[in-house]
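The values are calculated or read from the model by the stated rules, or taken from the named source; none is laboratory data. The model shown is predicted, which means the values in this text are computed figures rather than measured ones. As a convention, Cβ positions derive from the backbone with ideal geometry for all residues, glycine included, and neighbour counts pool all protein chains shown.
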Amino acid sequence: MSSGSKDKRRVQFRAPEGLVERTDVLATVLETDRTDVIISALRKYLRDAAHNDELKQEIAEAYYGEEISFGQLKDLVGHEEAANFRVLKTQLSEEFLEDAGEELVDS
């Protein structure tokens, strides 16, 4: 689901009371509601995560291990970065097949 999507899914979770209270205060200051503050914070977190090298590595490993799809990868890191990971995955697969073939010939 893209960030501009109008489709919405209800999400329910528990959060520490102090965090919810701070969210409500900020919502009052911004003249909005708690949901808008949480959505804004979640968008910022996901945007920042896409630029965190350690987290990008974990995302790439999940893609290489086929835990997430290319579409999910693209949603997390953007099209250009996802395309780079796909090329690298293909190269790694080709290298693995070549190495496996050489090991069979050598045995």
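Assorted remarks:
- Test set (1) under 20 Å from the mean Cα position of the chain (by Cα); (2) part of a helix (DSSP H, G or I) - LEU19 fails condition number: (1)
- Conditions (1) of a type in the set (S, T, N, Q); (2) loosely packed, with under 12 Cβ neighbours inside 10 Å; (3) not assigned by TED's automatic domain parsing to the domain that holds LEU88: number failed by SER40: (2)
- Among the residues listed as PHE96, PHE70, the single one being modelled with pLDDT under 90 and not charged (D, E, K, R): PHE96
- Helices (runs of 4 or more DSSP H) fully within segment 27-96 counting 3 or more residues that are charged (D, E, K, R): 34-49, 53-64
- Checked against the criterion of being surrounded by 11 or more Cβ atoms within 10 Å (Cβ to Cβ) and polar (S, T, N, Q), segment 55-65 contains not a single residue that satisfies it.
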